[in-house]
Amino acid sequence: MAAQTKQVVGPNKVVAVYFTLKNDAGEVIETNRRGGKPLIYLHGVKAILPGLEQALEGKAKDDQFSVSVPPELAWGHHRPEFVEKVMRSTLPADVALQPGMLLRGTDPNGRPVAATVVKIEGDEVTVDRNHPLAGKVLHYEVIVAGVRDATREEVMHGHVHGPGGAHH
Ligand code: ZN
């Protein structure tokens, strides 16, 4: 029987991870840990946050670790110039706006945009176009569920095919 070398996370590897993301207060923001499907991604192509990708480098199946990712390696710093006042009439009329609500739409070029409602004052609505996790330190608990070689096609396409990836 041929000896199998242990697969470790690195460029051109397809990696499956379970993770729980918490904020500074310890509240769970996102998790796929309990009965969820692992996140499957191609390593080394910035498919996931830089800080998480760096922390996964060299890890193997069943490795568990925690990492706190600073904003500069996650969604960036919160930029005050992205907070602005808009007229209520420029926002969807059928939505009952509330502070904290995340609005999704497209910009004039058709690109997806999101904004969080900060406050509503009469006809003026303050929205924050920063990513909701901008400026936040992200605390991840990670379990590596699997590591395999990417196929040549996956490397060429820059993404994973099959379960958890693109089907084409
Ligand atoms: Zn593809």
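The values are calculated or read from the model by the stated rules, or taken from the named source; none is laboratory data. Everything numeric here is computed off the predicted structure, so don't read it as measured data. Cβ sites come from the backbone with ideal geometry, for glycine too, and all protein chains shown count toward neighbours.
For the range 139-168, a residue qualifies if it is assigned by TED's automatic domain parsing to the domain that holds E57 and away from the ligand (no atom under 13 Å from the Cβ), and the qualifying residues are H139, Y140, E141, V142, I143, V144, A145, G146, V147, R148, D149. Criterion applied to G44, G35 was being over 14 Å from the mean Cα position of the chain (by Cα) and exposed (fewer than 14 other Cβ atoms within 10 Å of the Cβ), and the one residue passing it is G35. Every condition in (1) assigned to a loop (DSSP other than H, G, I, E, B); (2) touching a residue at least 12 places away in the same chain (Cβ under 8 Å); (3) away from the ligand (no atom under 16 Å from the Cβ) is met by T116 except one, and the failing one is (1).
Looking at the range 119-168 only, could you name the residues that are small (G, A, S), within 18 Å of P38 (Cβ to Cβ) and not in a strand (DSSP E or B)?
So the first thing to find is which residues in the range 119-168 are small (G, A, S), and the list is 122, 134-135, 145-146, 150, 158, 162, 164-166.
Now narrow it down to the ones that are within 18 Å of P38 (Cβ to Cβ): 145-146, 150, 162, 164-166.
Scanning the range 119-168 gives A150, G162, G164, G165.
In the range 1-45, the residue that is farthest from G58 (Cα to Cα) out of those that are hydroxyl-bearing (S, T, Y) and free of Cβ contacts under 8 Å to residues at least 40 places away in the same chain is T31. Among residues of the range 141-162 that are within 12 Å of A47 (Cβ to Cβ), those with a Cβ under 8 angstrom from a residue that is aromatic (F, W, Y) and more than 8 Å from the ligand (Cβ to nearest atom), sequence gap 6+ or separate chain, pair up as V160/Y41.
Scanning the range 1-28 for residues being in contact with a His (Cβ under 9 Å, 6 or more places away or on another chain) and not in a loop (DSSP other than H, G, I, E, B) gives a total of 6.
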